[in-house]
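Novice: Would you mind keeping the following structure in view while I ask a few things?
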């Protein structure tokens, strides 16, 4: 405490020339008992008190004497910034306070000192009361007679009695079960004792209050045990929760790696330790930088998560060669600070193996599906497709694979080979089979109408146009397949517009002003050599390469003559059903058909079979019923077994066997007759027929 805090500032002063009587009057009027004596400049030169006045009165009684004659000049002075205890002793009645120049700025009297001591004591007392009442624990103290001296607010709250009600009363009256009087009598300290007060169980610490070697009272500090029990339950719950979390983390098949917001490893599970090739607790408490430096993980994702504060997924490789897919997730608190990084580490080595196995199974499934579809088309009695020769089987297998993708396809081949049928197979076996297939023969539509036929037109686009306009074939094929037959006949001016559609999948109607996006698959066909047309500037080269993404060539019938018997039987059955007839084909007729080159291909054979079914008078189609140009071409009625070009000997033998069996099944009804004709056992006939899937039903459909 500083002197300035308790002194009387700017005290009344008196000069040395004043009389004792004048000073006595000031003492009486101002009710003071001493005044500093100052010179004309205000500097302290002495101290004049009531004692000096009493001395004069008891002496000669001359009150006209000057103050300067009577004042005390040997003075103890202080400064305003001095510590109170350093300048004031127990016997200093008054202390003048001066500044650096000796001028009086205050005076410290006994009254000031008493007031300072009283305020200090009062403050300490209030502070002590505040501390006691602020304590969370219950505090009760008594004097040696058991009179309650302290009863804090916690005691009020817990025991339900106000301090003013109990202070000054005996402890036994208020708390009959209290043992504080025993503490006073025995002087022992009694810590951590479980007591019951007013139906409350508490933990009590009791001790005697000793002053000057004597016990003057006792104090008890108590805490509600229910709070400790609650804390114990919470600690137990936290412990169980932590054990449960450890069990969950360790039971995860994926590796889990957790760091704090500074990249310090907090925990990781056994799965991560196995993936990284480390011990379970080896890197706990260490920085993720140590993991990178030691080569445990190629590039820890934790660094990136700490920098970017977002989830990040990367591929990593561990020290022991494990390939992992790792996702790092930041944990953000309510203040927006990153406090954890949790990494999920999955071993994808096994997943890669499973993926490879799945791809293998899917490939086999697709292969078997294509094979099944091919066989279904071959043996389902379809009126549009007959599959017999190796070339056609291979072609159908290729077409079935192409049907599963959306690539643009160009089908080439001579007229009558079945290009349109191939296009239909592609559409019906594609994902677009539920959507329309629109066919446009570019060679059959006049050039001036082809553009509006393909792209449509707006109302009033030209004379004779519909008022409401008309969508073109491309729009009508939305979601499905557009088949452009005879694409080689499309005029050059339309080739540019078709090329733009193939590039952007957008069209604009004739007379229109806005483009429309169309989702459609393009399949084209031609019997012309488009490359020659490109070289002759009759077909755009860029359009040719746009159309010729996947080429499919349909071989002419003369290159696959082994298909002729099956095709002839197919068309014969087809027109028998159509015209409600039951015509059969003589074996020598098949021989003649096999020798003909069929410039019109399958279409020519189909037309011939329809004519023979219709005009033949008997139930058997014989050699005599054939047109003359076929008889003139073959020149002989002897049977021939033919193969198409140079093929492997094994395939040639199988082809001859199949053709012979087909002929003998056509001519005879029993296997015994067939075996006799071919000079083999009947069991051989049955086995070979099963191998080539030949039966009388095949030819009687």
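The values are calculated or read from the model by the stated rules, or taken from the named source; none is laboratory data. Quantities reported herein were computed from a predicted structural model and do not represent experimental measurements. Don't worry about glycine lacking a Cβ; one is built from the backbone with ideal geometry, like all the others, and counts go over all protein chains shown.
Novice: Mind checking which pairs have a first residue in region 341-353 that is buried (at least 18 other Cβ atoms within 10 Å of the Cβ) and a second that is assigned to a helix (DSSP H, G or I), Cβ under 7 Å, 6 or more apart or different chains?
Specialist: What qualifies is 341/302; 341/305; 341/306; 343/301; 343/302; 345/272; 345/275; 347/275.
Yes/no matrix, rows are residues, columns are (1) modelled with pLDDT of 90 or more; (2) in a helix (DSSP H, G or I); (3) closer than 19 Å to residue 414 by Cα; (4) in the same structural domain as residue 415 (by TED's automatic domain parsing):
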| position | (1), (2), (3), (4) |
| --- | --- |
| 465 | no, no, no, yes |
| 468 | no, no, no, yes |
| 484 | yes, no, yes, yes |
| 488 | yes, yes, yes, yes |
| 503 | yes, yes, no, yes |
| 519 | yes, no, no, yes |
| 523 | yes, no, yes, yes |
| 528 | yes, no, yes, yes |
| 551 | yes, no, yes, yes |
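Residue-by-condition table, conditions (1) touching a residue at least 60 places away in the same chain (Cβ under 8 Å); (2) in contact with a helix residue (DSSP H, G or I) (Cβ under 8 Å, 6 or more places away or on another chain):
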site	(1), (2)
33	yes, yes
57	no, no
74	no, no
77	no, no
99	no, no
104	yes, no
118	no, no
132	no, no
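Novice: Being surrounded by fewer than 14 Cβ atoms within 10 Å (Cβ to Cβ) and either modelled with pLDDT under 85 or outside any helix (DSSP H, G or I) (or both) is true for just one of 29, 40. Which residue is that? I'd like the intermediate steps shown before the answer.
Specialist: Working: 29 fails: either modelled with pLDDT under 85 or outside any helix (DSSP H, G or I) (or both).
Within the list 29, 40, the selection yields 40.
Novice: Has region 174-183 got at least one residue that is assigned to a loop (DSSP other than H, G, I, E, B), at positive phi and out of contact with any strand residue (DSSP E or B) (no Cβ under 6 Å at 6 or more places or on another chain)?
Specialist: no
Novice: Tell me the residue from 222, 275, 266, 306 that is under 27 Å from residue 332 (Cα atoms), touching a strand residue (DSSP E or B) at 6+ places or on another chain (Cβ under 9 Å) and touching a residue at least 60 places away in the same chain (Cβ under 8 Å), please.
Specialist: 266
Novice: Continuing with this model, one more query. Quick check on region 324-344. Is at least one of its residues assigned to a helix (DSSP H, G or I), in the same structural domain as residue 275 (by TED's automatic domain parsing) and over 15 Å from residue 254 (Cα atoms)?
Specialist: Scanning region 324-344, I find no residue that is assigned to a helix (DSSP H, G or I), in the same structural domain as residue 275 (by TED's automatic domain parsing) and over 15 Å from residue 254 (Cα atoms), so the answer is no.
Novice: While we're here: What helices (runs of 4 or more DSSP H) completely inside region 557-632 contain at least 1 residues that are surrounded by 15 or more Cβ atoms within 10 Å (Cβ to Cβ) and within 60 Å of the chain's Cα centre (by Cα)?
Specialist: 564-579, 601-615
Novice: Name the residue that is surrounded by the most Cβ atoms within 10 Å (Cβ to Cβ), counting only residues in region 308-323 that are in a loop (DSSP other than H, G, I, E, B) and within 18 Å of the chain's Cα centre (by Cα).
Specialist: The extreme case among them is 309.
Novice: Any residue at all in region 198-209 that is modelled with pLDDT under 80, exposed (fewer than 11 other Cβ atoms within 10 Å of the Cβ) and assigned by TED's automatic domain parsing to the domain that holds residue 179?
Specialist: Yes, some residue in region 198-209 is modelled with pLDDT under 80, exposed (fewer than 11 other Cβ atoms within 10 Å of the Cβ) and assigned by TED's automatic domain parsing to the domain that holds residue 179.
Novice: Is at least one residue of region 400-407 surrounded by 14 or more Cβ atoms within 10 Å (Cβ to Cβ), touching a helix residue (DSSP H, G or I) at 6+ places or on another chain (Cβ under 7 Å), modelled with pLDDT of 70 or more and in a loop (DSSP other than H, G, I, E, B)?
Specialist: No, because not a single residue in region 400-407 is surrounded by 14 or more Cβ atoms within 10 Å (Cβ to Cβ), touching a helix residue (DSSP H, G or I) at 6+ places or on another chain (Cβ under 7 Å), modelled with pLDDT of 70 or more and in a loop (DSSP other than H, G, I, E, B).
Novice: Turning to a different aspect of this structure: Output the residues belonging to region 139-158 that are part of a strand (DSSP E or B) and touching a residue at least 24 places away in the same chain (Cβ under 8 Å).
Specialist: Let us first name the residues in region 139-158 that are part of a strand (DSSP E or B), namely 139-143, 147-151.
Scanning region 139-158 gives 139, 140, 141, 142, 143, 147, 148, 149, 150.
Novice: Follow-up. When you look at residue 492, is it surrounded by fewer than 16 Cβ atoms within 10 Å (Cβ to Cβ), without any contact (Cβ under 8 Å) to a residue 60 or more places away in the chain and in the same structural domain as residue 441 (by TED's automatic domain parsing), yes or no?
Specialist: When the stated conditions are applied, residue 492 passes them.
Novice: Then there's this: Name the helices (runs of 4 or more DSSP H) wholly inside region 44-138 in which the number of residues that are modelled with pLDDT of 85 or more is 1 or more.
Specialist: 50-58, 67-70, 110-134
Novice: State yes or no: is residue 153 surrounded by fewer than 18 Cβ atoms within 10 Å (Cβ to Cβ), in contact with a helix residue (DSSP H, G or I) (Cβ under 6 Å, 6 or more places away or on another chain) and at negative phi?
Specialist: yes
Novice: OK, next. Checking residue 131 against (1) in the same structural domain as residue 168 (by TED's automatic domain parsing); (2) under 60 Å from the mean Cα position of the chain (by Cα), only one condition comes out false. Which one?
Specialist: Among (1) in the same structural domain as residue 168 (by TED's automatic domain parsing); (2) under 60 Å from the mean Cα position of the chain (by Cα), the lone unmet condition for residue 131 is (1).
Novice: Quick one: how many residues across region 415-428 are in a loop (DSSP other than H, G, I, E, B) and surrounded by fewer than 20 Cβ atoms within 10 Å (Cβ to Cβ)?
Specialist: So the answer is 1.
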